[in-house]
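Reviewing the structure listed below.
The values are calculated or read from the model by the stated rules, or taken from the named source; none is laboratory data. Computed from a prediction, not measured in an experiment: that's the story for all the values here. No Cβ is skipped: glycine too gets one built from the backbone with ideal geometry, and neighbour counts run over all protein chains shown. Ligands, DNA and RNA are excluded from the accessible area calculation, which covers all protein heavy atoms including side chains. Shrake-Rupley method; radii C 1.70, N 1.55, O 1.52, S 1.80 Å.
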Amino acid sequence: PTALAVSASTVAENAVSGTTVGALSTTDVDAGDTFTYSLVSGTGSTDNASFAISGANLVTAAVFNFETKNSYAVRVRTTDAGGLTFDRELTLTVTNVNEVPTDIALSATTVAENVAANTVIGALTTTDVDASNTFTYTLVAGTGDTDNAAFTITGSDLTINASLNFEAQNSYSVRVKTTDQGGLSFEKVFTLTVTNVNEVPTDIALSA
């Protein structure tokens, strides 16, 4: 045999073990020859343990994570019916798959009473293994959305719609949704606290 090829050399991250990467084929001047394939040690065999050969297919033997490692090296041997061989080093690439956001954080969860309407309480950020993702934030219905109507999200900032009064209500609950550019989302409930501010006396009474 004089050459070895694989029909594809990429596999998506998170694909189950046993996923076919590509079909192996051999170049040989003997037109009617048959071939068997194996993973062998040698230069370029660094990641052989993460793959297997099933018939003439190169398959995965692990579940890959693009964010951890995205390039693998294997050494494949083709052996013809007469026992003659040819080895080739292959570079296999793991492709990124958009993954679900896993958390939302709010930079501050307290606001002083009597501050002006549209005051920013805090900035929202998202935890996502896809480092380059972008996110949009919305207030959504569901458990914990009791006080959504008292707040607005502008960009990534959570703001109050009107001045709050500690003596009337000092704790609010909102439900926030983050959505990445691929449409995957995560929701979280936040408890917001209004802090008391010393206020000016408004009257004096005399008992008699």
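When the stretch 28-58 is examined, which residues are found to be on the phi > 0 side of the Ramachandran plot and surrounded by 16 or more Cβ atoms within 10 Å (Cβ to Cβ)?
Within the stretch 28-58, just Gly44 meets the criteria.
Taking Thr191, is it open to solvent by 70 Å² or more (accessible area, probe 1.4 Å), part of a strand (DSSP E or B) and over 30 Å from Glu67 (Cβ atoms)?
Judged against the criteria, Thr191 is a match.
For the stretch 144-188, give me each residue that is open to solvent by less than 60 Å² (accessible area, probe 1.4 Å) and of a type in the set (Val, Ile, Thr).
Passing the criteria: Thr152, Ile153, Thr159, Ile160, Val174, Val176, Thr178, Thr179.
Can you tell me which residues in the stretch 119-138 are surrounded by fewer than 17 Cβ atoms within 10 Å (Cβ to Cβ) and either without any contact (Cβ under 8 Å) to a residue 12 or more places away in the chain or not in a loop (DSSP other than H, G, I, E, B) (or both)?
Val120, Ala123, Thr125, Thr127, Ser132, Thr136, Thr138
For (1) under 25 Å from the mean Cα position of the chain (by Cα); (2) in a strand (DSSP E or B); (3) within 22 Å of Ile104 (Cβ to Cβ), each residue gets a yes or a no:
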{"position": "Thr146", "(1), (2), (3)": "no, no, yes"}
{"position": "Ala149", "(1), (2), (3)": "no, no, yes"}
{"position": "Glu167", "(1), (2), (3)": "no, no, no"}
{"position": "Val174", "(1), (2), (3)": "yes, yes, yes"}
{"position": "Thr179", "(1), (2), (3)": "yes, yes, yes"}
{"position": "Gly183", "(1), (2), (3)": "yes, no, yes"}
{"position": "Ser207", "(1), (2), (3)": "no, no, no"}
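Which one of Thr126, Thr138, Thr134 is within 13 Å of Thr179 (Cβ to Cβ), in contact with a Lys or Arg (Cβ under 7 Å, 6 or more places away or on another chain) and among the β-branched types (Val, Ile, Thr)?
When all the criteria are applied, what remains is Thr138.
In the stretch 72-85, what residues are part of a strand (DSSP E or B) and open to solvent by less than 60 Å² (accessible area, probe 1.4 Å)?
Result: Tyr72, Ala73, Val74, Arg75, Val76, Thr78, Thr79, Asp80.
Check Thr27, Thr46, Thr34, Thr10 and return the single one that is within 30 Å of Asp128 (Cβ to Cβ), more than 22 Å from the chain's Cα centre (by Cα) and in contact (Cβ under 8 Å) with a residue 12 or more places away in the chain.
Being within 30 Å of Asp128 (Cβ to Cβ), more than 22 Å from the chain's Cα centre (by Cα) and in contact (Cβ under 8 Å) with a residue 12 or more places away in the chain holds for just one of Thr27, Thr46, Thr34, Thr10, which is Thr46.
Within the stretch 100-114, which residues are touching a residue at least 40 places away in the same chain (Cβ under 8 Å), open to solvent by 40 Å² or more (accessible area, probe 1.4 Å) and of a type outside the set (S, T, N, Q)?
Of everything in the stretch 100-114, those that are touching a residue at least 40 places away in the same chain (Cβ under 8 Å), open to solvent by 40 Å² or more (accessible area, probe 1.4 Å) and of a type outside the set (S, T, N, Q) turn out to be Val100, Asp103.
Return only the number of the condition from (1) more than 14 Å from Val6 (Cα to Cα); (2) out of contact with any helix residue (DSSP H, G or I) (no Cβ under 9 Å at 6 or more places or on another chain); (3) open to solvent by less than 60 Å² (accessible area, probe 1.4 Å) that Ala61 does not satisfy.
(2)
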